[in-house]
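The values are calculated or read from the model by the stated rules, or taken from the named source; none is laboratory data. Just so we're clear, the structure is a prediction, and the values are computed from it rather than from any experiment. As a convention, Cβ positions derive from the backbone with ideal geometry for all residues, glycine included, and neighbour counts pool all protein chains shown. The protein model used for the area step is the full one, side chains on, heavy atoms only, and it has no ligands, DNA or RNA in it. Shrake-Rupley method; radii C 1.70, N 1.55, O 1.52, S 1.80 Å.
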Amino acid sequence: MAAIASRVVGAQRSRNGILIGTAVMAAVLAVAPFAGIYPVFVMKALCFALFACAFNLLLGFGGLLSFGHAMFLGTAGYVSAYAAKAWGLTPELAIIAGTAASALLGVAVGALAIRRQGIYFAMITLAIAQMMYFFYVQAPFTHGEDGIQSVPRGRLFGLLDLSQPLAMYYTVLVVFIAAFVLIYRIIHSPFGQVLKAIRENEPRAVSLGYDADRYKLLAFVLSATLAGLAGAVKAIVFQLASLTDVHWTMSGEVVLMTLLGGMGTIFGPVVGAFIIVALESYLAGFGEWVTVITGAIFVVCVLAFRRGIVGELAAWWAKRRG
């Protein structure tokens, strides 16, 4: 009984810590524009942080490694941009359209990919992502390498003018915090616990009566939908949808962000995304050497922090509390 009580108290402390951390993170991000931090940089980092959190839901808690997650980011970006520019939809409807497109794509890809496991699952996602990339290269509405440019931001709900930098910034912040809290609730729901059980020991979970394929498919679709939300918001923020977001290198970047920050942690992908975006922004003067420098930093971090930055800090704090 004492062991059970101790475990319950530990879980409650962990949840309280996450809630406090989320509140602190939201407060810091809310005052960031007034602290001399460039809002466009933070908005870019938040979009990629949401993308990394969505990917972490699949990899860190579902144990499914996707090498083609950029197709969901890019698909939502193209659909959202086209809906806003060609159809004249309001920004909220354009974002919903892009997110829904990624969700439908996630259902189709997930239904095919979950039939295999391990490296075969990863290769199927990579192959389909490459097919989508070449489709977007040839599709007339994407304008090839030029992309969809000058996407109008419009007025959110007909009231908030998103052409104003601060209005756009706080819209992105609200979307990110809402998605972050949703991912937290998914992870700590009964569904999330079953998903972790499947990740740890799938045969045992199946023997207990759980339909592993159904849970993995749902996790894949949720991850694809949230990744699409990140892509749709990013297209509205930067008024651009391009091939960069659907290229295979973007799938590699989100893996890097997740592993660097801490796979299977709540705040790890956010930290990893901010670090990678900061490196790409502040080392831009080095040209193509940015990739080499980023890779070297990643190797050092993997060797020194095998559980990621946040994972190592959490392990150190747990050990310190004894």
Answer yes if at least one residue in the range 161-168 is under 26 Å from F41 (Cα atoms) and surrounded by 19 or more Cβ atoms within 10 Å (Cβ to Cβ), and no otherwise.
yes
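Quick check: is even one residue across the range 192-212 more than 26 Å from R116 (Cα to Cα) and among the small types (G, A, S)?
No, the conditions are met nowhere in the range 192-212.
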Quick check on my filter: what residues within the range 171-183 are of a type outside the set (V, I, T) and buried (at least 18 other Cβ atoms within 10 Å of the Cβ)?
L173, F176, A179, F180
Extreme residue, most open to solvent (accessible area, probe 1.4 Å), among residues of the range 96-140 that are within 30 Å of Y169 (Cα to Cα) and either modelled with pLDDT under 90 or hydroxyl-bearing (S, T, Y) (or both)
Y133
So, in the range 244-274, how many residues would count as being surrounded by fewer than 24 Cβ atoms within 10 Å (Cβ to Cβ), closer than 16 Å to F305 by Cβ and among the small types (G, A, S)?
1
Is it the case that A76 is among the small types (G, A, S), more than 14 Å from the chain's Cα centre (by Cα) and buried (at least 23 other Cβ atoms within 10 Å of the Cβ)?
no
Return the total of residues in the range 58-95 being touching a Lys or Arg at 6+ places or on another chain (Cβ under 7 Å) and either over 16 Å from V175 (Cβ atoms) or of a type in the set (F, W, Y) (or both).
4
Is there a residue being outside any loop (DSSP other than H, G, I, E, B), out of contact with any Asp or Glu (no Cβ under 6 Å at 6 or more places or on another chain), surrounded by fewer than 13 Cβ atoms within 10 Å (Cβ to Cβ) and hydrophobic (A, V, I, L, M, F, W, C) anywhere in the range 185-207?
no
So G36 clears everything in (1) in contact (Cβ under 8 Å) with a residue 40 or more places away in the chain; (2) surrounded by fewer than 22 Cβ atoms within 10 Å (Cβ to Cβ); (3) among the small types (G, A, S) except one condition, right? Which one?
(1)
